[in-house]
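J.: Pasting in a structure now, in structure tokens, and then I'll have a few things to ask.
Any read-out appearing in this document is the output of simple, stated calculations on the displayed coordinates, not a laboratory observation. Model, not experiment: these values are computed from the prediction. Don't worry about glycine lacking a Cβ; one is built from the backbone with ideal geometry, like all the others, and counts go over all protein chains shown.
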Amino acid sequence: MADTLNTGLTAQQRAEIAASLSKVLADSYALYLKTHGYHWNVRGPNFQSLHVLLEGQYQEEWAALDDLAERIRALGELAPQGHSAFGNLSSIKDGDPEKGWEEMLKDLLTDNETVIRTAREAFPVADDAGDEATADLLTQRLQAHEKHAWMLRATLGLK
């Protein structure tokens, strides 16, 4: 079916863009799972504010997953699904509910930075193909994860 699309992108361009978006999707999904888990398990004197902070982040991340997967489908490719597929594509590891709140936030900060780098790596693929729709989606994801990282840094008392 992907070969019958006539949108100005070749089948090869669409496949390459979808492959790069699949990595962004996998890293984003892993980050969503970790953020949601840390939301459930965070403890400490700032519990309420941390619980709310992480809830806002995982809700935003959840909504973005659908946008990423639907962009892959709009390109005529199949979106990855399932833990094995995501595990093979993602470089983000599972969280540890035994960590203290500061370690949880440091972990999420590192992982947001991973998603930022993964999205930046996908930009040239979309840009070289002239795929403005994917570039726009990646811009939105960069903006969101840079804000999440800033919020985490600020909560940790970092610059």
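J.: Note down the Stokes-Einstein diffusion coefficient of the chain in µm²/s, whole number, using a Kirkwood radius over alpha carbon pairs, 10 °C, and 1.306 mPa s.
T.: For the chosen part, D equals 98 µm²/s.
J.: How big is the gap, in Å, between the Cα center of segment 1-42 and the Cα center of segment 92-136?
T.: Going from one Cα centre to the other spans 12 Å.
J.: Also: Once phi is turned into ³J(HN,Hα) by the Karplus curve 6.51 cos²θ - 1.76 cosθ + 1.60 with θ = phi - 60°, what whole-Hz value does each residue of segment 23-37 show in order, with x for glycine and proline?
T.: After applying 6.51 cos²θ - 1.76 cosθ + 1.60, I find 5, 4, 4, 5, 5, 5, 5, 4, 5, 4, 4, 5, 4, 5, x Hz.
J.: What ³J(HN,Hα) values, in whole Hz, does the Karplus curve 6.51 cos²θ - 1.76 cosθ + 1.60 give for segment 70-77 when θ = phi - 60°, with x put for Gly and Pro?
T.: Coupling constants for segment 70-77: 5, 5, 4, 5, 5, 7, x, 10 Hz.
J.: Please find the FRET efficiency linking L158 to S84, where r is the Cβ-Cβ separation and R0 is fixed at 25 Å, and quote it to the nearest 0.05.
T.: Once the sixth-power term is evaluated, E becomes 0.10.
J.: Percent of Cα-Cα pairs more than 15 Å apart in segment 21-65, please.
T.: Counting pairs separated by more than 15 Å, the tail of P(r) holds 41 percent.
J.: Nearest 20 debye, what's the magnitude of the dipole of the chain about its Cα centre given +1 on Lys and Arg Cβ and -1 on Asp and Glu Cβ?
T.: 400 debye
J.: Quote to one decimal, in nm, the extra length available between F47 and R117 on full extension: 0.36 nm per residue of separation minus the C-alpha distance between them.
T.: Additional length available on full extension: 22.2 nm.
J.: Would you please give the FRET efficiency between D94 and A133, computed as 1/(1 + (r/R0)^6) with r the Cβ-Cβ distance and R0 = 30 Å, to the nearest 0.05?
T.: 0.40
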